[in-house]
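One structure is given below, encoded as structure tokens.
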Amino acid sequence: MTRADPQAEPVLETCAAGLAAAERLLESLQRELRLLLAAPAADPADPADPLTREQHRAHGCAWTATYVQALREMLDWSRRLAAAGQLGELETLLLRAAYAEYLAQLAGGVPMSQGEIFRPESMPGAAEALSRYAADPAVAALRRDGFSPAVRRRIAARLADGRTARQFGDPAY
């Protein structure tokens, strides 16, 4: 019995486009970080090496790369499930919700610890890349609709249905 979600294909395409936008944003942030690390210290008396001076931004770029990799892995998991006819409605909803949240955090702030958030706009020269990222149609659609109240209600309803939880796609597929 196949439980394939007929809405899955457009969601997978939108997530793939959102991932591509996130990858472009990451590339831009990494480029800006390399420029910062190559620049001389603003204060010549500062003996700190560039990576120490830019530790917060470097840490933020690393977290951004982690988020992008997580998006990539979620999409690959969903594609494997789809190929096996196991990508159902719940998996599709959860993919949309995860993409919505991660794409929003990539634009507004990536939590690195309980009290430390990396804000991409703290990178000199990142404004244009952030603007392109926010304007990307897939990013905008997923951020707007991916974890909307209707999606949250549908996830809750599907989870409340005991069959759905027992049929949930293989998490290691």
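The values are calculated or read from the model by the stated rules, or taken from the named source; none is laboratory data. Note that the coordinates shown come from a computational prediction; the quantities given were computed from them, not determined experimentally. Note: ideal-geometry Cβ built from the backbone for every residue, glycine included; neighbour counts use all protein chains shown. SASA here: full protein model, heavy atoms, side chains in, ligands and nucleic acids out. Shrake-Rupley method; radii C 1.70, N 1.55, O 1.52, S 1.80 Å.
Each row is one residue, and each column tells you yes or no for (1) out of contact with any strand residue (DSSP E or B) (no Cβ under 9 Å at 6 or more places or on another chain); (2) free of Cβ contacts under 8 Å to residues at least 24 places away in the same chain; (3) open to solvent by less than 60 Å² (accessible area, probe 1.4 Å).
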position: Leu37; (1), (2), (3): yes, yes, yes
position: Ala41; (1), (2), (3): yes, yes, yes
position: Ala48; (1), (2), (3): yes, yes, yes
position: Leu51; (1), (2), (3): yes, yes, no
position: Thr66; (1), (2), (3): no, yes, no
position: Gln69; (1), (2), (3): yes, yes, no
position: Arg72; (1), (2), (3): yes, no, no
Residue check, Phe118 at negative phi, among the aromatic types (Phe, Trp, Tyr) and touching a His at 6+ places or on another chain (Cβ under 9 Å):
yes
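Can you confirm whether Leu81 is open to solvent by less than 10 Å² (accessible area, probe 1.4 Å), part of a loop (DSSP other than H, G, I, E, B) and out of contact with any Pro (no Cβ under 8 Å at 6 or more places or on another chain)?
Here the answer is no, as Leu81 does not meet what is asked.
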Filter result (farther than 25 Å from Glu121 by Cα and assigned to a loop (DSSP other than H, G, I, E, B)) within the range 1-50
Met1, Thr2, Arg3, Ala4, Asp5, Pro6, Gln7, Pro44, Ala45, Pro47
Residue that is under 23 Å from Ala140 (Cα atoms) and modelled with pLDDT under 95, where the choices are Glu73, Glu13, Glu89, Glu27
Glu89
Yes/no for Ala138 being within 30 Å of Ala62 (Cα to Cα), assigned to a helix (DSSP H, G or I) and under 13 Å from the mean Cα position of the chain (by Cα)
yes
Mind listing whichever residues of the range 126-147 are farther than 18 Å from Val68 by Cβ and not hydrophobic (A, V, I, L, M, F, W, C)?
Glu128, Ser131, Pro137, Arg144, Asp145
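With the requirement that a residue be part of a strand (DSSP E or B), open to solvent by 10 Å² or more (accessible area, probe 1.4 Å) and aliphatic (A, V, I, L, M), what does the range 88-115 give you?
Within the range 88-115, the subset part of a strand (DSSP E or B) is 110-113.
Filter again for open to solvent by 10 Å² or more (accessible area, probe 1.4 Å), leaving 111-113.
Residue satisfying the conditions is Met112 alone.
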Any residue in the range 96-125 that is in contact (Cβ under 8 Å) with a residue 60 or more places away in the chain and under 19 Å from Gln69 (Cβ atoms) sitting within a Cβ distance under 6 Å of a residue that is open to solvent by 60 Å² or more (accessible area, probe 1.4 Å) and not in a loop (DSSP other than H, G, I, E, B)? List the pairs, counting only those 6 or more apart or interchain.
Leu103/Arg143; Phe118/Trp63
